[in-house]
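Every read-out reported here was derived from the displayed coordinates using simple, explicitly stated rules and does not represent laboratory data. What you see is a predicted model; the values in this text were computed from it and never measured. So basically every Cβ, Gly included, is an ideal-geometry build from the backbone, and we count neighbours across all protein chains shown.
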Amino acid sequence: MTITLDLDASTSDAPTRRSLSNLSLAVAKCKKILVVTGAGISCSCGIPDFRSSDGLYALVKQQYPDVVLKGRDLFDASLFRDATSTAVFYTFISQLKKSIDSASPSPTHRFIKTLDSKRKLLRSYTQNIDGLEERAGLVGTASQEVKSTGKGKSKIKTKEVRNVQLHGDIHRVRCTFCSADFPCSQEHIDTFLSGAPPECPECAARSTARVARSARALKVGTLRPAIVLYDEPHPLGDDIGTIQTADIARKPDMLIIMGTSLKVHGFKKLVKDFARTVHECAPSCSASGGSPLKKNAKSFAGKVIFVNKTAPGSEWDGIIDYHVVGETDRWCEKVIEDWKKARPSDWEVQKTLVATGESATGGSFHVAKEITNTVGAKAKAGGQGAKRKNDRKRENVPLPEDDIFDITLPLPEAPPSPSKRPQSRCHYNDVETSPSKKSREGATAAREPVHFEERGLLFGNTTNAKSRPASMDDDFDLGANMAVTKGAKKGTSRTRTAKMQVEVVLEPRRKGTAV
């Protein structure tokens, strides 16, 4: 059963006010939130609606009074079968593109970006073609930043997509023949306003090159807005299916639906799949605080919230848990306000200062980046924090030059390491020494000197000659056998003369013997 909460009644009805506050706190506590949006979130951005007296349908009717087209027919793929309906479509799109270019993101768009900055947004899915989510800071599937240049089947880098554009982007045009896409320029808008499509430059270049080689010319396609019409396949359908499967596998803990009537068949199936996954991952009554009648912030986790002025149909009973009646901008602003009151630590800003200038002469600091939501953040190795490393890089970007302010402070010089400290900076003078050095010097002074005994040559007892005076420098001295007398005092020695002498006997040379 769907519970209805009216924003207008929150000022007078205490239970409604309490339930809305618990919803806000649940948004602040959930960590994997899926957001699905429709055209209702862009009504406050300055984009005119379709059906009012000064809406886009009325402007088209003034230019083509004889054409009878319903609103849905302007977004049906069958309009390209007729030249008149195609001209009406191009005129309508040119008027819509001018209105979107002058619009700016609403508080709802900024709220979705805030969820992404606080690392609570799992993914955003939108039916809108205005591209205001990307202008608010969410990278979409039509962005050039996520275009894949590899040889694989994937056309985009799915891990870097933060906003899935289910119906394309009006800010780009696509060739009907070769599927090449280009940014929508003012030249394209002027051509669309006349009711005629421009030619594809790539097809024209290939055809011209073949004609220059005396070959047959190729067909040249025309450009159309890169939006997905009814009964038309999405060019990135396989990649969007991959993203949807990955998000379901990550077990989201909340689904927020805003500004849509839930009438498109494919969109309804997407929402139902997400809602089923959120309910399966909902905490039990024991984990949410015991009694199911007691409503707290944990009891709202694993819920599906629908924010729109009109109520959902009966087919959504049991799928949508809470229907918040009111404008999406009002509800988003209330959630942010309650979030700041309940959890102010999530909104603390940490500024990183970077030193500039010379350390010797003094320098200054300037703010390089600001990091929000620093309290309570837990880094999980190999988990969601590691996967969103590129998002953090994207968040902590340097501030513009206008926001940088200087704090002029002297830069202290870093003290040197004790092992590399110069002698002039030592805190001991020439007389005083450190305790460790004193202990080493004292041990050296107390130790007795070592006297080595004088020894002769290896064969001193039998072959050493008698010791000779030191004055006979020109003789070949074999050395004397020096020994220490037994019983002599330590440190004294005397020489002992060898008793045997070496005699050399030379035989007389015989005559006639050759030398």
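The table below gives the values:
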{"read-out": "Amide H partners (placed H, <5 Å) of Leu121, local residues excluded", "value": "Ile33, Asp116"}
{"read-out": "Relative contact order (%) - criterion: Cα under 8 Å, at least six apart; region: the stretch 121-190", "value": "35"}
{"read-out": "Simple label model, 7 Å out from Cα along Cβ direction - Arg250 to Ser78, nm", "value": "3.9"}
{"read-out": "Among the listed pairs Lys31/Lys334; Lys32/Lys157; Lys113/Lys157; Lys151/Lys272; Lys113/Lys159, those beyond 26 Å (Cα-Cα)", "value": "Lys151/Lys272"}
{"read-out": "Point-to-point label distance, Ser154-Ser314, nm (Cα→Cβ direction, 7 Å offset)", "value": "4.4"}
{"read-out": "Efficiency of FRET from Cβ geometry, Glu232 and Lys263, R₀ 30 Å, rounded to 0.05", "value": "0.95"}
